[in-house]
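Contents: one structure, followed by commentary.
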Amino acid sequence: MRALLVIVTANFLGLDSTAWSAIAAVATVLTAVIALVAAVVALRQLVHSRELAEEQARPYVVVSTSPSDADANHVDLLIQNIGQTAATDVQITIDPPYVRAHDFGGSAFMDANLFHAPVPTMPPKFELRLYLDSIPDHEEDTSHPARYRVTVTYRNRLGKSMVDSYDLDLDIYVGILTLQVHGLHHIAQSLRAWTKKQGIQKY
């Protein structure tokens, strides 16, 4: 009976024991290849997940322009860290160096220490506004360019260096009709003017 079983097994599907041994070897190799492919796919998914987590947790220092809250005819330079972690050793350069068409007679825009020394830390939700220029004056002054490249270099929480660049174009504000909305700034201005007129405040 055992001999009959061996004969039937050995000759199943017309294949002898040598063929079945070869098939078993091939099956073993295929199993190993499938396991290797699965391991590679799992490793790639792990790396992708870590990269995604790092991307979501990174600092993100953004530089843009925004109409001034005080007057829609004026524009501010807005610097923000919209990321989830702090940015350190932040350095900002503007090319070409910005020159205001309208200045108040004080320091020039590029004289700000922000453009000459690294900012040690910009925590998440950090925001800084700097008066940039008057749009009507910018429109009249054709001696200065309208487009500027801002480059920001900084480090993330792991010390990795990061570089982001932004193109700023003041001409996007030219020809735009805006409505002046009076807020606390204008109330304070009116109150200051009234107190000076009444002799209550001299400055």
(message) With the structure loaded, tell me whether Arg129 is of a type in the set (Lys, Arg) and either more than 22 Å from Asn73 (Cβ to Cβ) or free of Cβ contacts under 8 Å to residues at least 24 places away in the same chain (or both) or whether it fails that test.
(response) no
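Does the stretch 131-140 contain at least one residue that is assigned by TED's automatic domain parsing to the domain that holds Ser68, hydroxyl-bearing (Ser, Thr, Tyr), farther than 16 Å from Val61 by Cα and not in a strand (DSSP E or B)? Write out each step before concluding.
Of the stretch 131-140, the ones assigned by TED's automatic domain parsing to the domain that holds Ser68 are 131-140.
Subsequent filtering for residues that are hydroxyl-bearing (Ser, Thr, Tyr) retains 131, 134.
The next check asks that each one be farther than 16 Å from Val61 by Cα; those that pass are 131, 134.
So of that shortlist, the ones also not in a strand (DSSP E or B) come out as none.
For the stretch 131-140, residues assigned by TED's automatic domain parsing to the domain that holds Ser68, hydroxyl-bearing (Ser, Thr, Tyr), farther than 16 Å from Val61 by Cα and not in a strand (DSSP E or B): absent.
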(request) Scan the stretch 59-79 for residues that are of a type outside the set (Gly, Ala, Ser), surrounded by fewer than 18 Cβ atoms within 10 Å (Cβ to Cβ) and within 12 Å of the chain's Cα centre (by Cα) and report the count. (result) 1
(request) Could you please give the count of residues in the stretch 61-100 that are outside any loop (DSSP other than H, G, I, E, B) and either of a type outside the set (S, T, N, Q) or within 9 Å of Leu132 (Cα to Cα) (or both)? (result) 17
(message) Looking at the stretch 77-91 only, could you name the residues that are more than 17 Å from Leu158 (Cα to Cα) and of a type in the set (S, T, N, Q)?
(response) Gln80, Gln91
(request) Identify, from the list Ala25, Ala39, Ala35, Ala19, the residue that is modelled with pLDDT under 75, outside the structural domain of Ser134 (by TED's automatic domain parsing) and more than 22 Å from Arg147 (Cα to Cα). (result) Ala19
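Say whether the condition of being surrounded by 11 or more Cβ atoms within 10 Å (Cβ to Cβ), in a strand (DSSP E or B) and at pLDDT 90 or above is met by at least one residue in the stretch 101-111. Can you show your working first?
To start, the set of residues in the stretch 101-111 that are surrounded by 11 or more Cβ atoms within 10 Å (Cβ to Cβ) comprises 101-103, 108-110.
Keeping just the survivors that are in a strand (DSSP E or B) gives none.
Within the stretch 101-111, none of the residues are surrounded by 11 or more Cβ atoms within 10 Å (Cβ to Cβ), in a strand (DSSP E or B) and at pLDDT 90 or above.
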(request) Would you point out which residue out of Arg155, Arg147 is touching a Ser or Thr at 6+ places or on another chain (Cβ under 6 Å), within 23 Å of Val61 (Cβ to Cβ) and among the basic types (Lys, Arg)? (result) Arg155
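The values are calculated or read from the model by the stated rules, or taken from the named source; none is laboratory data. Source: prediction; values computed, not measured. FYI the Cβ positions are ideal-geometry reconstructions off the backbone, even for glycines, and counts take in every protein chain you see.
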